[in-house]
1. Of these, G107, G100, G61, G146, which one is crowded, with 19+ Cβ neighbours inside 10 Å, out of contact with any His (no Cβ under 8 Å at 6 or more places or on another chain) and touching a residue at least 24 places away in the same chain (Cβ under 8 Å)?
2. Suppose the filter is under 16 Å from the mean Cα position of the chain (by Cα) and either surrounded by fewer than 16 Cβ atoms within 10 Å (Cβ to Cβ) or closer than 30 Å to R81 by Cα (or both); does D138 pass it?
3. Only residues that are among the hydrophobic types (A, V, I, L, M, F, W, C) and either part of a strand (DSSP E or B) or crowded, with 16+ Cβ neighbours inside 10 Å (or both): list them for the range 116-126, please.
4. Looking only at residues in the range 114-135 that are of a type in the set (A, V, I, L, M, F, W, C) and more than 14 Å from the chain's Cα centre (by Cα), which one is modelled with the highest pLDDT?
5. Mind listing whichever residues of the range 167-185 are more than 16 Å from G146 (Cβ to Cβ) and crowded, with 24+ Cβ neighbours inside 10 Å?
6. Could you check how many residues of the range 210-259 are in a loop (DSSP other than H, G, I, E, B), under 29 Å from the mean Cα position of the chain (by Cα) and modelled with pLDDT under 85?
7. Would you confirm whether any residue within the range 167-179 is among the small types (G, A, S), assigned to a loop (DSSP other than H, G, I, E, B) and at pLDDT 95 or above?
8. Check L219, L235, L167, L244 and return the single one that is of a type in the set (A, V, I, L, M) and in the same structural domain as T96 (by TED's automatic domain parsing).
Amino acid sequence: METSLNSATFGTCFWRASLPGRRRAFLLLCLLLIASLAPASTPLFQVSFQKPNHDWTVVHGTATPDSSVLHDKSTSLRVERDATSQDACVRLQSVTLVIGKRYEVSGWIRTEALQIRDLDRSPIASGATLTMASMPFDVHSASIGGTQPWTHVTLRFVASRAQDQVLLTVGNGGSFSGKTWFEGIRLDEVSSGDHWPIREAVQTFGPAYRYPAAGWIYLHIEGKPYERGYQHGHLMVREIPEYLERCAALLGSNYHLND
């Protein structure tokens, strides 16, 4: 039997043999070799919600393991308001980080009739999010609201503390009604070569571009004033009217954009 491995395209096997048994044996050997060399994705931290108050503490609101709402056959954590607080927050156990290294917190969020209301004039309240205890209030994962199926969210950051904690928040900075479930929360170290943003996350318009970053929208515009304004309006065409509507609602029903 003649065999060869193409080193430029690892895992591609070529062989010629007259015996089917030898082919199967060689294919199995190739698969085992690939599996042994593939890097294992071992999280730095991962939490389970199978037991009440195991590796997590309720700061605001209520949090209850819910075996009736599963994700990937695992019990989720249902988070709701209580009578004494406007928002909800669950703090996971402390984890050791290396200051200056890059990490990613990720997990799955599901919502049911989740409505967020700002308490002050500035619209800053967020829906269901993941964040770190060391982060400012406005740095978090994508915010989930309304009624949404299981949605995967992430937040990448550079560690600024040697000890930090993952936070599960709902209605932070405001008030909320409805239910939220969390599951599959994990923290991983990110390779220095794994840069963000990836090409698929970037929207462009001429020299201008935007992409999501840590709960924010990073927007780059350039050129003369008219050009910058046109680029800004084009790339933020959805967010600008939404912001104006929220401001109008806060100022009262007598406020009109055309006045």
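1. G61
2. Yes.
3. Listed by number, the residues that qualify are I116, A125.
4. The selected residue is L114.
5. Matches in the range 167-185: L168, T169, N172, F182, I185.
6. 2
7. yes
8. Going through L219, L235, L167, L244 in turn, just one is of a type in the set (A, V, I, L, M) and in the same structural domain as T96 (by TED's automatic domain parsing): L167.
The values are calculated or read from the model by the stated rules, or taken from the named source; none is laboratory data. Bear in mind the structure is a predicted one, so any value in this text is a computation, not a measurement. Counting neighbours? That spans all protein chains shown, and the Cβs are built from the backbone with ideal geometry, glycine included.
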